[in-house]
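Notes follow the structure.
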Amino acid sequence: MKNVLVYVQHKGGQTPKVTFEMATQARKLADQLGGKAHALVVGAGSSQLAESLKAYPLDAIYVNDDADVDKYLLDPVIDYLEAAAKAIGPSLVLVANTLTGKDVAGRLVARLNAGICADAVDFKLEGGKVVAVMPKMGGAAITNCELLDGDYGVVTIRPNAFAAQPGGAGAAVQAIEKPAGKSYGVLVEKDVEEGSGELALEEAPVVVAGGRGLGGPEPFDTLLKPLASALGGAVGASRAAADAGWVPYSLQIGQTGKTVSPSLYIAVGISGAIQHKVGMRSSGTIVAINKDGQSPIAEFSDLVVVGDAFAIVPELTKLVQAAKS
Amino acid sequence: MKIVVTVKLVPDPNAEKRIDNGTKRLVRTGVETVLNPYDEYALEAALQLKEKAGGDTTVTVFSMAPESLKETLRKALAMGADDAVLLSDAGLEGSDVWASSYAISHALKKVGFDLLIVGGLSDDGSTGATPGGLAEYLQAPLVTNARKAEIVDGKLKIERETDTGYQDVTAPLPCVMTTALTFGEPRYASLKGIMGAKKKTIAAMSVSDLGLSHAVGQSGSKTQLLSFAPPPVRGKGQVIEAADGASGAKAIFDFLKERKLV
């Protein structure tokens, strides 16, 4: 494994922030391994996206605006990745740890006969060995796992764990040929975007989450959303709030919901049951606003303010807004 | 139609996980082994499809686990699966994602299926990569994160969750499907189901039945776990009683400022 290949997940040229985090990390890894950093962008809107990727320190970006990538589920992407990986030679493939990324990574493991490390938050490279650092079991353990000698390795990258830093001389954008002689079976008949324009929970640098203590759906909009917006973050929820139907399940953080690790997590009216804790405990700083100073969340928060959230949150929003202007 | 559901046996996810500082291993004492919760959703999907299809549709549960955990599979049979296959072999211990996908796919080729349903994640390892690995080795199409599924004219139609919304897709059979948690809560085993499960077959398979051409277990794996440790201890933080909204807000704001978070 000498080179690095980044799989750029996108839709019509729109890509999550983690792509730029991976592009930045790819350069560092390639320098340490003594190889080159590449990216693959395929599907409608790729050429346009490749132009913005050029601001990141990659050596080459392989592009094809092939419409089949969006017409068929994943199969074309895997073929392109296999072709790119074989063209580049022994390499480490970086894939975002998203729903799509997990599918891509799993299939590459078999296609490239590669080992996989999933949900990496850091790397340690010693003597040409690639070791990924990954939280497991909802953050109850931190594991170091080595990709053993082989031509290829796959690592999925947790969003928000690595910095995105533009730089470099500008990558060469190169067309990649469509792999020949393939037919694809899984047809995408309808593709619907939901909640577009809102910051994805997993990608948000700040998460303001609400729980049972909020008492109903309205405070998520009237209380939490203004604070989240002022902090440049997103709104999340505990399972209790999602089960009560106050918010959609897509906002649920925890064991059966999403795992987030923002630099700041503000828990409002959340008791902090184990099921919630595993979805957020690797956050940078955790602040809890709760009526009860003895609730479990106090055990793993950096600051607990015991008081009335309905009085505190609007005042805090004002302070943050004032500091910004 | 033959539906096969893979289930993994994992430490009870509702138990607080703790790493022993001396052995660096998960403390298993007092922690029960259960069906991976994500796989219960996969089984629920299989049972719903069987109910709709009727006729000679069957649901087989497949697991790779030590023989000693065989009885844990009865729960899946009690929920309504018709039979089970257990792949057990000391030679499989320490298999990573690559080696597990390789071994399980060979076993599933022997078992045979029209539709293979896999849970979206496992509660312990959580790579989410196994379904993709299985689909590749089985040379079957993969459709993931299904929240609705039906068989129409011999094809699988699903509504699936994506990172940004949802999609409707159609796949030919045989194929591999994973389920999202929005598919529906897994059913409870009825008393009749529990009684009936005692008489159902759990067939045994071992590595020698698979005809593998590559080593599995730790020696055949492509990754090696170097360390497994508890996360750095997060010191218990400050607790402040807020007399009113303004003072509570000020306390938080000052704290965030000190940490350069605002």
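The values are calculated or read from the model by the stated rules, or taken from the named source; none is laboratory data. Keep in mind it's a predicted model, so treat the numbers as computed, not measured. Cβ placement follows ideal geometry from the backbone for every residue including glycine, while neighbour counts extend to all protein chains displayed. Just so you know, the surface numbers come from the protein's heavy atoms only, side chains and all, with ligands and any DNA or RNA stripped out. Shrake-Rupley method; radii C 1.70, N 1.55, O 1.52, S 1.80 Å.
At a probe radius of 1.4 Å, figure out the A/B buried accessible area, summed over both chains, and give it in Å² to the nearest 100. Walk me through the numbers on the way to the answer.
Details: alone 15030 and 15270 Å², together 23750 Å².
By this definition, chains A and B bury close to 6500 Å².
Mind grabbing the accessible area of B:ARG160 for me, 1.4 Å probe, Å², rounded to tens? Here the accessible area works out near 10 Å². Averaging 1/r across all pairs of distinct Cα atoms in segment A:182-325 and inverting the result yields a Kirkwood radius of 15.6 Å. A simple charge model with +1 on the Cβ of Lys and Arg, -1 on the Cβ of Asp and Glu and nothing else charged puts the dipole of segment A:1-101 at about 400 debye relative to its Cα centre. With all protein chains in place and a 1.4 Å probe, the accessible surface of chain B carries 52 percent carbon and sulfur.
When Cβ neighbours within 10 Å are restricted to other protein chains, what is their mean count per residue of peptide B:136-146? Spell out each step's value before the answer.
Values: counts 8, 4, 1, 1, 1, 7, 9, 5, 7, 4, 0.
Other-chain Cβ atoms within 10 Å of each residue's Cβ, averaged: 4.
So, for segment B:2-209, what is the accessible surface per residue at a probe of 1.4 Å, expressed in square angstrom?
Working: 8700 Å² over 208 residues.
Normalised by residue count, the accessible surface of segment B:2-209 is 42 Å².
Projected onto the charge dipole of segment A:3-175 (+1 at Lys/Arg Cβ, -1 at Asp/Glu Cβ, origin at the Cα centre), which of A:VAL42, A:VAL69, A:VAL104 gives the Cα projection farthest towards the positive end? The residue sitting farthest along the positive end of the dipole is A:VAL104.
Burial annotation for segment A:43-88: residues with an accessible-area loss of at least 50 Å² between the isolated chain and the complete set of protein chains, computed on heavy atoms with a 1.4 Å probe, are A:LEU73. Compute the Rg to Rh ratio over segment A:73-117 from the alpha carbon atoms, using the Kirkwood formula for Rh, and round to two decimal places. We get a ratio of 0.92 for segment A:73-117.
Ligands, DNA and RNA are left out, and with a 1.4 angstrom probe the accessible area of segment A:3-175 is 31 Å² per residue.
Expressed as a whole percent, the proportion of Cα-Cα pairs in segment B:145-262 lying more than 20 Å apart is 78%.
Output the relative contact order of chain B, whole-number percent, from Cα pairs under 8 angstrom with separation of 6+ residues.
Result for chain B is 24 percent.
Grouping the Cα pair distances of segment A:139-212 into 5 Å bins from zero gives a pair-distance distribution of 3, 6, 7, 11, 15, 18, 17, 14, 5, 2, 1, 0 percent in increasing distance order. Summing Cβ point charges (Lys, Arg +1; Asp, Glu -1) relative to the Cα centre of segment A:201-324 gives a dipole of roughly 80 debye.
As a calculated quantity, the FRET efficiency between B:GLU241 and B:ARG28 at R0 = 56 Å, using C-beta atoms, amounts to about 0.90.
Share of carbon and sulfur in the accessible area of segment A:235-306 stands at 52%, probe radius 1.4 Å. Shape call for segment B:2-209 from the C-alpha gyration tensor, a ≥ b ≥ c root eigenvalues: rounded (a/c under 1.5), prolate (a/b greater than b/c) or oblate? Note, shape of segment B:2-209 comes out rounded.
To the nearest whole percent, what portion of all C-alpha pairs in segment B:51-130 is separated by more than 16 angstrom?
The proportion of pairs with Cα distances above 16 Å equals 59 percent.
Ordering A:LEU224, B:ALA42, A:PHE162 by the projection of their Cα atoms onto the charge dipole of the protein assembly as shown, which places +1 on the Cβ of Lys and Arg and -1 on the Cβ of Asp and Glu, puts A:PHE162 at the extreme positive end.
Of the residues A:ARG212, B:ARG259, A:ARG239, ranked by 1.4 Å probe accessible area with the largest first, the sequence reads A:ARG212, B:ARG259, A:ARG239. Computed with every protein chain present, the accessible area of A:PHE162 is close to 20 Å² [probe 1.4 Å]. When A:GLU189, B:GLU44 are compared by accessible surface with a 1.4 Å probe, the order from highest to lowest is A:GLU189, B:GLU44. Considering only protein heavy atoms and a probe of 1.4 Å, how much of the accessible area of segment A:84-230 is carbon and sulfur, as a whole percent? Carbon and sulfur: 48 percent of the exposed surface of segment A:84-230. Each semi-axis of the equivalent ellipsoid for the protein assembly as shown is √(5λ) with λ an eigenvalue of the Cα gyration tensor; in descending order they amount to 37, 31, 24 Å. Where only DSSP H runs of four or more residues are counted, the protein assembly as shown gives -8000 deg cm²/dmol as its mean residue ellipticity at 222 nm, each run worth -39500 (n - 2.57).
Cα-Cα pairs above 29 Å in segment A:3-175: how many percent?
Numbers: 1715 of 14878 pairs.
Tail of P(r) above 29 Å: 12 percent of Cα pairs.
By a 1.4 Å probe calculation restricted to protein chains, A:ILE176 has an accessible surface near 20 Å², given to the nearest 10.
Tell me, what is the per residue accessible area of segment A:201-324 in Å², probe radius 1.4 Å? Before the final figure, lay out each step's value.
On the way: 4280 Å² over 124 residues.
For segment A:201-324, the per-residue accessible area is 35 Å².
Evaluated with a Cβ-only charge set (Lys, Arg +1; Asp, Glu -1), the protein assembly as shown carries a dipole of roughly 780 debye about its Cα centre, given to the nearest 20. Tell me, what is the FRET efficiency for B:TYR188 and A:ALA169 to the nearest 0.05, using R0 = 60 angstrom and their Cβ-Cβ distance as r? That gives a FRET efficiency of 0.45. At a threshold of 40 Å², the residues of segment B:245-260 that become less accessible to a 1.4 Å probe in the full protein assembly than in their chain on its own are B:GLY245, B:ALA249, B:ILE252, B:PHE253, B:PHE255, B:LEU256, B:ARG259.
Summarising the overall dimensions of chain A from its C-alpha atoms, the Rg and Dmax are 21.2, 66 angstrom. How many angstrom lie between the C-alpha centres of segment B:22-96 and segment A:120-152? Value for the Cα centre distance between the two parts: 28 Å.
Toward the positive end of the charge dipole of chain A, with +1 on the Cβ of Lys and Arg and -1 on the Cβ of Asp and Glu, the farthest Cα among A:ALA120, A:VAL268, A:SER250 is that of A:ALA120. A straight chain from B:HIS214 to B:VAL233 at 0.36 nm per residue would run longer than the Cα-Cα distance by 2.7 nm.
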